[in-house]
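Peer 1: Before anything else, here's the structure in question.
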Amino acid sequence: MSKIILLGYMGCGKSTIAKSLSQNLQIPFIDLDNYIEEREQMDIKTIFDTKGEVYFRKVEHQSFLELLHKDENCIIGLGGGTPCYANNHELLIGEGRTSIYLKASIDTLFNRLVLEKEKRPLIAGKTDEEMKEFIAIHLFERSYFYNKAQYTVSVDQSVEQIVADINKVLNS
Ligand code: S3P
């Protein structure tokens, strides 16, 4: 079974790109955050607030494993932190897996995240200035893990172009 794994920082457009790719390839898309929310019957912010991040990271790891072992081809959209915890980065490479890092500039991330920061536990409550600095440092720290993906595609371009670049990578 083949799994296409999309990863990247919060706000890089994983879900939008995955939905478009899913239509294009006729393969179902499963968003890891949504999968966790259904499994836990709680939204991500409430899981962080009531059970804590360590609990979330455990469930996230378990859920990622479940999706990788699903008996069907699918596109898996990871959460922004997934590759950076519980050795999940080691799961990005393997038989029947193609992982793609959706790489965005700090400006692209800031412009997208500023519109919906209250939904994201890691940046909720920060001022614009604090947010920009947080994104820059956090992205720098996380890049090590994101770069463990098999391929990298720039997302500082239109969704159509991104999907075309992903198709090129998949056919390479
Ligand atoms: C997180 C990103 C979120 C979600 C959680 C933690 C992170 O996913 O998993 O809030 O650590 O970057 P998105 O990247 O889909 O927003």
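The values are calculated or read from the model by the stated rules, or taken from the named source; none is laboratory data. Since the structure is predicted, the reported quantities are computational estimates derived from the model, not experimental observations. Every residue, glycine among them, receives a Cβ derived from its backbone with ideal geometry; neighbour counts consider all protein chains shown. Accessible surface is based on the protein model in full, side chains and every heavy atom, while ligands, DNA and RNA are left aside. Shrake-Rupley method; radii C 1.70, N 1.55, O 1.52, S 1.80 Å.
Peer 1: Could you do me a favour and compute the accessible area per residue for the chain, 1.4 Å probe, result in Å²?
Peer 2: 51
Peer 1: Let me know the charge dipole size of the chain about its Cα centre in debye, to the nearest 20, where only the beta-carbon of Lys, Arg (+1) and Asp, Glu (-1) is charged.
Peer 2: Rounded to the nearest 20 debye, it is 260 debye.
Peer 1: Take the Cβ-Cβ distance between Ala164 and Ala136 as r, set R0 to 25 Å, and report the resulting FRET efficiency rounded to the nearest 0.05.
Peer 2: For R0 = 25 Å, the calculated efficiency reads 0.30.
Peer 1: Ok, one more. With the crude spin-label approximation of a point 7 Å out along Cα→Cβ, what separation in nm comes out for Asn171 versus Glu72?
Peer 2: 2.6
Peer 1: Compute the normalised compactness of segment 61-125: alpha-carbon radius of gyration over 2.2 N^0.38 Å, N being the residue count. Display every interim value, and only then the final one.
Peer 2: Details: Rg = 14.4 Å, N = 65, 2.2 N^0.38 = 10.7 Å.
Taking N as the residue count of segment 61-125, the ratio is 1.34.
Peer 1: A follow-up question, please. Taking a ≥ b ≥ c as the square roots of the Cα gyration tensor eigenvalues, with a/c under 1.5 meaning rounded and otherwise prolate when a/b beats b/c, else oblate, which class fits the chain?
Peer 2: In terms of gyration-tensor shape, oblate.
Peer 1: Run the dipole for segment 60-109 about the Cα centre, Lys and Arg Cβ at +1, Asp and Glu Cβ at -1, nothing else charged, and hand back the magnitude in debye, nearest 20.
Peer 2: 140
Peer 1: Counting only protein heavy atoms, what percent of the accessible surface of segment 3-157 is carbon or sulfur at a 1.4 Å probe?
Peer 2: On segment 3-157, the fraction of accessible area on carbon and sulfur atoms equals 48 percent.
Peer 1: What does a probe at Asn147 reach in segment 66-104, counting residues whose amide N is under 20 Å from the point 7 Å along Cα→Cβ?
Peer 2: 80-94, 99-104
Peer 1: Return the subset of Lys14/Lys58; Lys126/Lys168; Lys3/Lys126; Lys45/Lys103 for which the Cα-Cα distance in this structure is over 29 Å, preserving the input order.
Peer 2: In this structure, Lys126/Lys168; Lys3/Lys126 lie more than 29 Å apart at Cα.
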